[in-house]
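Engineer: Dropping a structure here in structure tokens format, bear with me for questions.
What follows is calculated from the coordinates using simple rules that are stated; it is not laboratory data. Everything numeric in this text was worked out from a predicted model, so none of it was measured. Here Cβ is always computed from backbone atoms with ideal geometry, including for glycine, and neighbour counts include all displayed protein chains.
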Amino acid sequence: MTIVTWFLETYKIAVSEIKLLNRRRKDTTSTMEKIRIFLLQYFNLLLIIIYTFSLTNVMVSTLLAIFYKWIAIVGVLSSLLFIIALKFIQKKVYTKMRDGFIKFDPRLVKF
């Protein structure tokens, strides 16, 4: 897995989740499920925004570390740790709890 693929993986997962949730929202008739699906779409959108902010911080901090001060490496490391935490939440927590949240059924949560 290349570095670029690793960084773009979160975008691919979030976009596919938004498309999947959009199809599920059209198929369901329950108002509560539609609201919950909308909340999950909003969560994915916020995840993309936060991830983009963190990725931009990594790039700017890297450029600062190269051309200005070496202390900017702290910004790179903290942003990378934040990105790793976001990826963990998206892969390990969100995907396992999505169906249980939509149906409001704790039995559907896969831990």
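Engineer: If you fit an axis through the alpha-carbon atoms of helix 73-88 and take the longest principal axis of the Cα set of the chain, what angle between them do you get, 0 to 90°, nearest 10?
Structural biologist: 20 degrees
Engineer: Still on this structure, I have one more. What aspartates and glutamates could a cross-link reach from Lys69, if we take a straight Cα to Cα line under 13 Å and drop same-chain neighbours fewer than 8 places away?
Structural biologist: none
Engineer: To the nearest 10 degrees, how steeply does helix 3-27 sit against the main Cα axis of the chain, on a 0 to 90 scale?
Structural biologist: Helix 3-27 and the main axis of the chain meet at about 20 degrees.
Engineer: Just to confirm the filter: which trypsin sites (Lys or Arg not before Pro) across region 39-99 are DSSP coil and have at most 16 other Cβ within 10 angstrom of their Cβ?
Structural biologist: Lys69
Engineer: Using the number of other C-beta atoms within 10 angstrom as an exposure proxy, rank Met59, Met97 with the fewest first. Don't skip to the end; give the middle numbers.
Structural biologist: Working: Met59 11, Met97 16.
Placing the least packed residue first, the sequence is Met59, Met97.
Engineer: Could you put Arg24, Arg107 in order, starting from the residue whose Cβ has the fewest other Cβ atoms within 10 Å?
Structural biologist: Arg107, Arg24
Engineer: So, one more: For region 1-45 and region 48-76, what is the separation of their Cα centres, given in Å?
Structural biologist: 27 Å
Engineer: A further question follows. When the helices in the chain are scored as -39500 (n - 2.57) per DSSP H run of 4 or longer and the sum is shared across all residues, what 222 nm value do you end up with, to the nearest 500 deg cm²/dmol?
Structural biologist: About -27500 deg cm²/dmol.
Engineer: Given labels modelled 7 Å from the Cα in the Cβ direction, how far is it in nm from Asn22 to Thr56?
Structural biologist: 2.3 nm
Engineer: Identify which of Leu64, Leu86, Leu40 has the largest mean-square fluctuation in a Gaussian network model of the chain, with springs joining Cα atoms closer than 10 Å.
Structural biologist: Judging by the Gaussian network model, the answer is Leu64.
Engineer: Give me Phe43, Phe88, Phe67 ranked fewest to most by other Cβ atoms within 10 Å of their Cβ, as a rough exposure proxy.
Structural biologist: If I rank by nearby Cβ atoms, fewest first, I get Phe67, Phe88, Phe43.
Engineer: Once you have the alpha carbon radius of gyration of the chain, what is it after dividing by 2.2 N^0.38 Å, with N set to its residue count?
Structural biologist: 1.31
Engineer: Just tell me which lysines come within less than 24 Å, Cα to Cα, of Lys91; anything on the same chain fewer than 8 places away is out.
Structural biologist: Lys12, Lys19, Lys34, Lys103, Lys110
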